[in-house]
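Only one structure is covered here, and it is reproduced in the block below.
The values are calculated or read from the model by the stated rules, or taken from the named source; none is laboratory data. None of the values given here were measured: they were computed from a predicted structure. Backbone-built Cβ (ideal geometry, glycine too); neighbour counts: all protein chains shown.
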Amino acid sequence: MGALLQILSYGVFSGALYGLVALGLSLVFGVMNYLNVAHGALIMLASYTVLWVCYYLHFDPFLSLILVIPTFFVIGWILFMGLFQRLLALPETEKLKNSLLISFGILLICSNAATMLWTADERAVATSYTGKVIDLLGVRLPYIGLATVFLAIIVVFAVHLFLTRTYFGKAIRAVSQDYEAASWMGINTSRACLVSFAIGVALAGFPGVVIALQTFNPMVSFDLTNKALIVLILAGVGSLRGVLFGGLLLGVVEAASVFLVGVAYREVVGLVLFVLVLMFRPQGIGGRKA
Amino acid sequence: MKSKLGIASFVLLMIFAPLLIKSEYLLNLLILICLYATLSHSWNILGGYCGQISLGHATFFGAGALTFRYLWLGGVSYYLALPAGALASLILAFAIGFPSFKMKGHYFSIGTLALAMIALITVQNLLPGVSFITEACLKEYSLLTIYYLAFGVGVATVAAVYALSRSKLGLALVSVREDEEAAEAIGINTFKYKVVAMSISTVIAGFAGGIFAFYCGTYYHYAPFELGWSFDPLLIAFIGGAGTVVGPVVGAVVFVLLKELFAASLGQVNVLIFGIVFIVTVLFLPKGLVGIAGIVRKKDRSART
Amino acid sequence: MKQARCLRCLLLAAGIAIIAFGLVASPVMAAAPAAPAGIKVGAVVALTGRMAAGGKDVKAGYDLAAKDINDAGGVMVKAYGKRLPLDVMIVDDESDPVKTATRLDKLNSVDKVVAYLSGFSSDLNVVGMAAAEKNKVPWVGVTIAVEAPFNSGYKWVFAPFSMSHDQVKAFFDLLDSIPADQRPKKIGHLELNVDWGNECGKYVREMAKQRGYQIVVDQKYAPPTNDFASAILALKSAGADAVFSVPAPPQSLTIVKQMKELNYAPKVTCLIRGPDLSTYWENMGKDAAYIISDGNWDESMTYPGNKKLVDAYKAANPGIENIGIPVGAGYAAVQVLANAIERAGTLDRQKIRDAIAKTDMMTIRGPIKFRANGTAVIDYGLRQWQNGKNVLIWPPNATKIKVILAPPWDKR
């Protein structure tokens, strides 16, 4: 029983991380139908930025977010102005295709650039609380895992509040529901897209810091993007809270599957679950009808 | 008439090319071009014509490679093993590919990506070892044979796609791509056409996989299941021009030669430069390289009037 | 009709591109090596992609070795009656085995290299070995630890590197050397489900039986696995006090982090791959202490030339405290090859191959001889992280430092 709870707790931690990884991707996809496969690469770059901030400024990794998030907001802004803005006028399927291709190019460039800047060596940020745990009735809960869960809940909640309670957030939601209608209503649609893209990229900072505390190298970008895509679809497009639930579900199922099929097929079980969900509920768990 | 002559001379040129150039390296590149053009066309039928963007083609490519390899190393001659690989890939499509049509649009894309990941991890777990080329098979191994095989499959594929693009079937596929609901409304059985497109597509992917398994002497069993085999054909099709007959061929030539040139001259930055060139292509040639021909043609026409 | 013309244009363009490429490449091919300016040796090494971390180390080893040999005048080739410089040509393969094969063929047919050096990692090296066999080019390779390829009848491949058997044997020799009252008796084995891991697993089971150790946990995991909680809980409840595994580098970090989180501290933790990376201590902090890993080569080795290599590497890469093992291994591979070319006295591939097979020499990493199948009879060491340094603790003839058994986590 203790072992079961212990193993599931690790599932919850990795699930929360999956949710964070997919969050920015989901926001961008929901608002403007861009499939930004470079999101994994941006998270990877965020991890390296955290590493740098910790190394040169001796910040705590979580504190480094006050620098990392604005930096990535600006990066998102630049990427949008330089590359993605011109896709806005395209029809839906063309948008999807072109954003996929451009962001794939960015993925290649980022991974290669990171290899040159930091070498492909494995990296991680070591802290005084790495490996420290809270013992809760025999179940050992690592500080970093708990912090990941809190971070995921707070960030998802904050983004949700922003979208539902602020004027600007409402404008973004209007754009995501109907681009043309929103522009007739006098909403500056291209500005709404710009800001939500920049926020989407800035959100890469949060999983970036968690991954920096675990282990990373330039090539994790591909794995992260794959994971994010799976969670995005599992959650249902445009559902930000669904992202958290989708991530947690995937993480817990993967962890629990150890009892059924052993460690080697862990990831397969998660993916099979994903395909089954799609078969019987094609709009995802929390998504609106496509 | 003239164009037929042009194509015939191109094919003849390519048949005699290895005798003229006599370089093993160039032969390698020609094989790779044929391999990528074939695989890219396989993707193109489903993605370019029928509009079903698959991110899981590695599954079918890998199934073809795996089957070919087992038969060939087991003593079956390669010209029998090759169609067997294609058949295996088709059977796999029946088992997992067609149910995936329950998913639509981007759900299909990412669903197929998940299938490819499942296949990759499963093969990694079941067959963790290396597939060695045996002494007997090494005797049968000749770049020239592989080239003619790859070229033959490539030409057959392009011919098939050409015929498809001019047929009623091709029109039906395009109508599914353009507007699935409208197509259904005018009485087109979209599911049927998607299944047909997938069948042709996977058979070709299986052939391409067989050629990979023939060409690559020794490799880890999972190598043809790697996700790159899903993304590369898509990139190539879009570089050249998706939904066209020549697009994937031109794309494959550019893709292979450019990468080779960059790797030989740029060292570690080669992937970065390739990424930049790729983005520029997508931004300025949204229809791919065949789009250039369109621009030229337009100018041509305006000059005449 | 219009479309057909376009089609023709494009096909023509494609044809021209191919032929133009041929023309660019052909002058290189036409140059007949009557009096070669240097000895061309080719290597396809992963400089980008998943294997790039090790690839850069292998390349550094090759470059430093070639520089040292050329600074000393080059390699004496009797057939030409003079010393010729080594020209090591290194091409990237993006960690993609297909490109490894193609580019090795290019080095063979266009550049006419006399021998191949290997790339990094078994995944890519098995492809390279097949290419060497097909093209009949001698291949001297490092960073391959699987024995299976060498038992498939290949004649052109040689690996001055340790194999899975050496690694498992060193682990058990090390255990045997610990005083009986402290010696771990219960072994936990986590088997990475790739060919190398499977081979190691076979030897672990064999040797444990022969030498009277009990295997209490024997579990398989896959290369993408990133959560070891269940395996560590099993090890803990079975009371395993020595752990052996050959994880991928990221896994070697995750395993140790989770061991700490779950408060499991075996006396001996041997993770052959991963903790050998130069960044391991930076990444883990003092949690890296007591972890044992690969010691194929070490800075402290006193064999001739080793200190020079260490100094040269550190001068070229300031700020790097721990040098990656592939640097030393790669350096030794070039030494082996240069020595064989000198003994062959010609640039004939067959004769160079025969000379490599008869190798019996001293390198910066110790004496090297080859068995009939191409694997090397070689000293194999283990290293342990002690006080921020990864130090050689095995074999006893190469080091005076002894293994330290790990205390429980709360006593560190």
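Of the residues screened, B:Phe98 is not one that is assigned to a helix (DSSP H, G or I) and without any contact (Cβ under 8 Å) to a residue 60 or more places away in the chain. Restricting attention to the stretch A:132-145, does a residue exist that is in a helix (DSSP H, G or I) and touching a residue at least 24 places away in the same chain (Cβ under 8 Å)? Yes, the stretch A:132-145 contains at least one residue that is in a helix (DSSP H, G or I) and touching a residue at least 24 places away in the same chain (Cβ under 8 Å). Listed by position, the helices (runs of 4 or more DSSP H) enclosed by the stretch C:278-370 that each have at least 2 residues that are among the polar types (S, T, N, Q) are C:325-344. The requirement of being in contact with a strand residue (DSSP E or B) (Cβ under 7 Å, 6 or more places away or on another chain), in contact (Cβ under 8 Å) with a residue 24 or more places away in the chain and not acidic (Asp, Glu) is fulfilled somewhere in the stretch A:216-237, by at least one residue.
Residues that are hydroxyl-bearing (Ser, Thr, Tyr) and more than 30 Å from C:Trp196 (Cα to Cα) number at least 3 in the following helices (runs of 4 or more DSSP H) confined to the stretch B:117-220: B:143-165, B:190-215.
Within the stretch C:49-63, track down each residue that is assigned to a helix (DSSP H, G or I) and either within 9 Å of another protein chain (Cβ to nearest Cβ) or not β-branched (Val, Ile, Thr) (or both). Of everything in the stretch C:49-63, those that are assigned to a helix (DSSP H, G or I) and either within 9 Å of another protein chain (Cβ to nearest Cβ) or not β-branched (Val, Ile, Thr) (or both) turn out to be C:Ala52, C:Ala53, C:Gly54, C:Gly55, C:Lys56, C:Asp57, C:Lys59, C:Ala60, C:Gly61, C:Tyr62, C:Asp63.
Each residue in the stretch B:247-305 was checked for being modelled with pLDDT of 85 or more, more than 7 Å from every other protein chain (Cβ to nearest Cβ), more than 30 Å from C:Ala52 (Cβ to Cβ) and assigned to a helix (DSSP H, G or I), and 2 of them qualify.
The helices (runs of 4 or more DSSP H) found entirely in the stretch A:189-290 that carry 1 or more residues being surrounded by 22 or more Cβ atoms within 10 Å (Cβ to Cβ) and within 14 Å of chain C (Cβ to nearest Cβ) are A:205-213, A:220-235, A:240-261, A:266-280.
Got at least one residue in the stretch B:37-44 being over 21 Å from the mean Cα position of the chain (by Cα), part of a helix (DSSP H, G or I), touching a residue at least 60 places away in the same chain (Cβ under 8 Å) and within 30 Å of C:Lys112 (Cα to Cα)? No, every residue in the stretch B:37-44 fails to be over 21 Å from the mean Cα position of the chain (by Cα), part of a helix (DSSP H, G or I), touching a residue at least 60 places away in the same chain (Cβ under 8 Å) and within 30 Å of C:Lys112 (Cα to Cα).
Residue check: is A:Ile199 at pLDDT below 90 and under 18 Å from the mean Cα position of the chain (by Cα)? No; evaluated as a whole, the condition is false for this residue. Across the stretch B:232-246, what is the total count of residues that are farther than 23 Å from B:Tyr147 by Cβ and within 12 Å of chain C (Cβ to nearest Cβ)? Going through the stretch B:232-246 one residue at a time, the tally reaches 2.
Residue-by-condition table, conditions (1) of a type in the set (A, V, I, L, M, F, W, C); (2) over 26 Å from A:Met1 (Cβ atoms):
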| site | (1), (2) |
| --- | --- |
| A:Ser111 | no, yes |
| A:Thr115 | no, yes |
| A:Ala124 | yes, yes |
| A:Leu136 | yes, no |
| A:Arg140 | no, no |
| A:Thr148 | no, no |
| A:His160 | no, yes |
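Within the stretch C:199-209, none of the residues are more than 24 Å from A:Ala120 (Cβ to Cβ) and facing chain A (nearest Cβ under 10 Å).
Regarding the stretch C:45-64, can at least one residue be identified that is crowded, with 23+ Cβ neighbours inside 10 Å, modelled with pLDDT of 95 or more and farther than 24 Å from A:Trp118 by Cβ? No, the stretch C:45-64 contains no residue that is crowded, with 23+ Cβ neighbours inside 10 Å, modelled with pLDDT of 95 or more and farther than 24 Å from A:Trp118 by Cβ. It is to be established whether one or more residues within the stretch A:145-162 are of a type outside the set (D, E, K, R), away from chain C (no Cβ under 14 Å) and in contact with a Ser or Thr (Cβ under 6 Å, 6 or more places away or on another chain). No, every residue in the stretch A:145-162 fails to be of a type outside the set (D, E, K, R), away from chain C (no Cβ under 14 Å) and in contact with a Ser or Thr (Cβ under 6 Å, 6 or more places away or on another chain).
Filter the stretch B:13-36 down to residues that are under 22 Å from the mean Cα position of the chain (by Cα) and more than 9 Å from every other protein chain (Cβ to nearest Cβ) and give me whichever is surrounded by the fewest Cβ atoms within 10 Å (Cβ to Cβ). The qualifying residue surrounded by the fewest Cβ atoms within 10 Å (Cβ to Cβ) is B:Ile15.
Scan A:Ser176, A:Ser183 and give me the residue that is among the hydroxyl-bearing types (Ser, Thr, Tyr) and in contact with a Ser or Thr (Cβ under 7 Å, 6 or more places away or on another chain).
Of the residues listed, the single one that is among the hydroxyl-bearing types (Ser, Thr, Tyr) and in contact with a Ser or Thr (Cβ under 7 Å, 6 or more places away or on another chain) is A:Ser183.
A quick yes/no check of all residues on (1) within 13 Å of another protein chain (Cβ to nearest Cβ); (2) of a type in the set (A, V, I, L, M); (3) more than 12 Å from the chain's Cα centre (by Cα):
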position: C:Ser122; (1), (2), (3): yes, no, no
position: C:Val127; (1), (2), (3): yes, yes, yes
position: C:Val137; (1), (2), (3): yes, yes, yes
position: C:Ile144; (1), (2), (3): yes, yes, no
position: C:Pro149; (1), (2), (3): yes, no, yes
position: C:Phe158; (1), (2), (3): no, no, yes
position: C:Phe161; (1), (2), (3): no, no, no
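Kindly indicate the residue of the stretch C:258-287 that is at the interface with chain A (Cβ under 9 Å from one of its Cβ atoms) and touching a Leu at 6+ places or on another chain (Cβ under 9 Å) and also surrounded by the most Cβ atoms within 10 Å (Cβ to Cβ) among those meeting that condition. Out of the qualifying residues, it is C:Asn283. When you scan the stretch B:104-113, do you find a residue that is aliphatic (A, V, I, L, M), modelled with pLDDT of 80 or more and under 28 Å from B:Glu181 (Cβ atoms), even just one? Scanning the stretch B:104-113 turns up at least one residue that is aliphatic (A, V, I, L, M), modelled with pLDDT of 80 or more and under 28 Å from B:Glu181 (Cβ atoms).
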